[in-house]
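Read through the structure below, which is laid out as structure tokens, and then see the notes.
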Amino acid sequence: MGKKTETVFLEESEKKVFKLNVDGQDVAVTEGTSVFDAVKKVGVQLPAMCYHYSFSPFGSCGICLVEIEGKGNNVRSCTAKSADGMVVRTNTDKMVTARKTAVEKWLIIHPLDCPVCDADGKCELQDLTYDLGVYDIKKGVKKEVPEDTRSPVLDFNMERCILCGQCINICKEVQEIDALAFYKKDGKTLVGAHDGVPLDCEFCGDCLAVCPVGAITSRFSKYAYKPWQLKKTQTTCTYCSDGCEITLETEGSKILRVTSRLSYLNKFGMEAQQGDGHGGLCVRGRFGFQFVNSAKRLSRPLAKIDGKQVEVPWFKVLPQIGRKLMEIKNQYGGGAIAGLISGRCTNEDVYLFQKMMRTICGTNNIDTAARYGHINSVLAMQYALGIGRSTTSYKQITLSDVILLVGSNITETNPVASLRIKEAKNKFGAKVIVADPFQTNMMKLATHPLQISFASSSALMQGMMKAIIENKWVYQPFIDQYPNAYETLCSAMLSISQQEITQKCGVAWEKIAEAAQLIAQSKRGTLIWGEGIVSEAGGWDNMLSLIDLALLCGLLEKPGGGIHPVCEENNEQGAVDMGGVCEFLPGQIPYHDGKERFEALWSKPLPNGVGLSLPKIIEKALRGEIKAIYIVGENPLETLPDSMKVREALQKIDLIICQDPFLTQTGKIADFVLPATTFAEKEGTFTNMEGALRHVRNALDPIGESRTDFKIFSDLSKQMGGDAYRAPEEITAEIDACVNGYYNGERLQGNPHQLVHYLGNGFAEEVVKRYAQIGQVQDGLGAASSAPMSGFNQRSVEGATQAPLVAQLVLGQSIYHSGKLSTQDEGLMKIYNKPTLRMSEADAEALELKTDDWVRVKSEQGAVELAMAILPSLPKGIVWFPEHFATLKDLMTVVVDSKTDVPYFKSGLVSIKKVPLFDLKVI
Ligand code: SF4
Ligand code: SF4
Ligand code: SF4
Ligand code: FES
């Protein structure tokens, strides 16, 4: 099967072509093109205020006026459609005057409080006033509308509103949230949440970004700046793997606001940018910047002296750490040392860390945050396809004709990527199939929602494959090239009946078959999956089922199609690419395959033997065989449940080094704590979920005495006799030498022959085993948690006055947070800081609960009391809690994947009962 690469644009060929004359020049456009866009084609950019290319024209401002022969003057070009033979004039005296009059009209109802307006200097009304030469500003009448400051972050100053509708339209059409509307109050038209209630939305801030004046402002930066005074640094968001480009706007050592392409008048983009994204951000990227300037940041190194952590200077602490690491290596061997690095560090940081650990400390016990789930995607894709990354791109996803989203609440985890799915559906007519146990935002918007039972996605995959095979919708080149593999899959799919599948999935067979047909017969279909697959028990097997489905549908070959994992932290993909896991050397080279090559490149011997993943490091530490651990930006004590015995394991380790911008729970028990900078104070690159490089640029000098991770590793390496580096560029050159093309826009290349291996020897036995398991152990419900839990007798719950509810507790992600980092951010914590246990209406009713009541949640591991809230979209029998807060994680039991060592602990059975008010203990 051949390889496909190029992006496919939608064909316009079926549309009629119209010829227009604009200011004497002929221009051809397709049917449906606005006059505004037709005019742009001859190189004339009409002034406009309410227009934005990313949503439908609204036609409210009256600035984009043109003359059209036969239609008269003052035609609003943004809403007028082109017609064959149309004659358009843009620059007559009448039009110039009419546009001026329109601006004057807006100035009259505007307060002109520019000196105290946050938009002063970056205001479209100011710009148009100047550009169109409006010098006679008539005195207007104040609307006398008090500012609406009821939302946690966005303030609405309706004195300044010019009713352009852009905020409403971007929220409705791009975000598909529809949180804003015009409403009437005291005879005045205002903008705000529907019916004038306080705004409670995703707080992406896109409305703020497109507001042409200063009518919507951010409470976090209000009155703090004039736009032109701020230093602007283009960098990459540090939260999720979408890798959005952001602009940090700073004054001195402080970030005052975050903007993006959307804030800087990209309103005139058109077809050339089809599929390029609208340039907006999500709440985390736009408002989660305050952690950088947090007073809680560490500013000096700490060392434990007589059991207490005290500040020590850098010049003392690094030699001490270097000496202790070398002593341990000499006494116990490198295998007694382990390293754990965050998926938020740059590629250059991870590269240097793993090189230091391998070549100087002599250990291959290295891991990163990808172990919490994404490694399932990487290892399964490597195993089957020879490449552990997305095979598509954001643009191709936007232009897909069918998208199948499985096990991913992508709106919450990767909000800007989710907009691409919405755009694919709304703008380009894609069919969107969403398979998930939860009624997620994407499920509500999907053209083909499949709300399956909890832990049944593997059965669904099998059902879809069965339907595809039985109905002969299989991608023919797959059958031609891999007839044996095809036969194997046919037999496996026949072994399970439609009834069994529908029973397991809780979805009618016709719906499964309809979705299967759509994805199988797609021209450029995309399969996307997320945490609901990779972080739940059975992740490895489920990943391979997804790949089998993609092969049957030809998604890996059809131009414009592909498969795309999504993961949480911004650089999990890069951390794996850079060798931040024990399985791989840089370039995702399997450790044993690349050992000799890297020994030659680095002129140092590398440790023998397979290194240890995080769960295995913990196991070995519990046996007293790990003597030192170096933890960078990770916080296993707060991430992993108690049942994994992390504290006990760490207590047995002689030397714990923590490097982090904050003093974490793990940092508090460390022997040395090194203050690292945040992304805003460093240079380097992240690799986003497309596998594309994103630049990270320092907007600020390091705060206090904090140092970049790169500098700390470099200085420490030198202390231990390794290489010292002066700047990240030196690392860049080294990475370039060992991972060809990584900095050239070429994505990591894999082994093209791997698919032949995967589908060759052993495939038949593997498939029989894998699909036979579907009937027994379902994903998301591992052996440990699927059986009724011992000691879980409903009657045994102490003091119960009513039978407790037994439910599946799921720890999931919230849009307002990312990992634990966001809980350090004052801004995001202002928006969302009181996590509650979410329950369905039916479950709440069964326990006679109403929102804000308290419940006792109990598992084999312990019990916790907390407030609950009703979430009507939750299925009965499932309760949900945001994983960013550690409140409930210690109730979870851990099951470690035998193939990939991913620790599964995001779901498990609990019992829940109401806590009567008089019993309430404040925790
Ligand atoms: S912040 Fe985002 S979700 Fe909220 S109203 Fe504005 S555009 Fe809509
Ligand atoms: S708040 Fe801003 S974007 Fe919204 S209608 Fe008013 S001026 Fe336009
Ligand atoms: S979608 Fe992800 S990368 Fe983009 S702004 Fe939000 S958190 Fe940052
Ligand atoms: S841009 Fe056309 S009416 Fe506003």
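General observations
- Any hit, the stretch 143-162, residues being under 26 Å from Asn426 (Cβ atoms), touching a residue at least 24 places away in the same chain (Cβ under 8 Å), open to solvent by 20 Å² or more (accessible area, probe 1.4 Å) and under 31 Å from the mean Cα position of the chain (by Cα): no
- Of the residues contained in the stretch 131-138, one or more are found to be free of Cβ contacts under 8 Å to residues at least 40 places away in the same chain, hydrophobic (A, V, I, L, M, F, W, C) and either open to solvent by 70 Å² or more (accessible area, probe 1.4 Å) or at positive phi (or both).
- Among the conditions (1) open to solvent by 10 Å² or more (accessible area, probe 1.4 Å); (2) part of a strand (DSSP E or B), Lys834 misses just one, which is (2).
- Looking only at the stretch 189-201, and only at residues there that are more than 25 Å from Pro415 (Cα to Cα) and within 12 Å of ligand 2 (Cβ to nearest atom), the one that is most open to solvent (accessible area, probe 1.4 Å): Thr189
- Flag: Asp901 matches the condition of being among the charged types (D, E, K, R), part of a loop (DSSP other than H, G, I, E, B) and farther than 29 Å from Asn441 by Cα.
- Test result for Leu298, open to solvent by less than 60 Å² (accessible area, probe 1.4 Å), within 15 Å of ligand 3 (Cβ to nearest atom) and either modelled with pLDDT of 95 or more or at positive phi (or both): no
- Considering the stretch 339-421, the qualifying helices (runs of 4 or more DSSP H), each wholly inside and each with 2 or more residues that are open to solvent by 10 Å² or more (accessible area, probe 1.4 Å), run over 374-385, 394-398.
- Considering only residues in the stretch 213-246 that are surrounded by fewer than 20 Cβ atoms within 10 Å (Cβ to Cβ) and within 14 Å of ligand 3 (Cβ to nearest atom), the one that is nearest to His374 (Cα to Cα) turns out to be Glu245.
- Meets criteria (of a type in the set (A, V, I, L, M) and buried (at least 20 other Cβ atoms within 10 Å of the Cβ)) for Ala600: no
- Contact annotation: residue pairs with Cβ atoms under 6 Å, 6 or more positions apart or on different chains, pairing a residue in the stretch 802-826 that is under 22 Å from Thr893 (Cβ atoms) with a partner that is aromatic (Phe, Trp, Tyr) and open to solvent by 30 Å² or more (accessible area, probe 1.4 Å), are Gln808/Phe454; Val810/Trp880; Gly812/Trp880.
- Checking the stated criteria, Leu546 turns out not to satisfy the condition of being within 25 Å of the chain's Cα centre (by Cα) and either farther than 19 Å from Arg770 by Cα or in a strand (DSSP E or B) (or both).
- Residue satisfying all of: in the stretch 202-212; open to solvent by 10 Å² or more (accessible area, probe 1.4 Å) and more than 15 Å from ligand 3 (Cβ to nearest atom); farthest from Gln290 (Cα to Cα) among these: Cys211
- Any pair with Cβ under 6 angstrom, 6 or more apart, that starts in the stretch 40-54 at a residue that is within 24 Å of Thr101 (Cα to Cα) and ends at one that is more than 14 Å from ligand 4 (Cβ to nearest atom): none
- Qualifying residue in the stretch 661-672 (condition: open to solvent by 40 Å² or more (accessible area, probe 1.4 Å), assigned to a loop (DSSP other than H, G, I, E, B) and not acidic (Asp, Glu)): yes
- Residue match in the stretch 178-186 (condition: surrounded by 14 or more Cβ atoms within 10 Å (Cβ to Cβ), touching a residue at least 24 places away in the same chain (Cβ under 8 Å), over 39 Å from the mean Cα position of the chain (by Cα) and within 12 Å of ligand 2 (Cβ to nearest atom)): no
- Here Gln175 does not qualify as open to solvent by less than 20 Å² (accessible area, probe 1.4 Å) and within 16 Å of ligand 4 (Cβ to nearest atom).
The values are calculated or read from the model by the stated rules, or taken from the named source; none is laboratory data. Note that this is a predicted model, so its numbers are computed, not measured. Cβ coordinates were reconstructed from backbone atoms using ideal geometry, including for glycine residues, and neighbour counts include every protein chain displayed. Note: accessible area is taken over every heavy atom of the protein model, side chains too, but ligands, DNA and RNA are not part of it. Shrake-Rupley method; radii C 1.70, N 1.55, O 1.52, S 1.80 Å.
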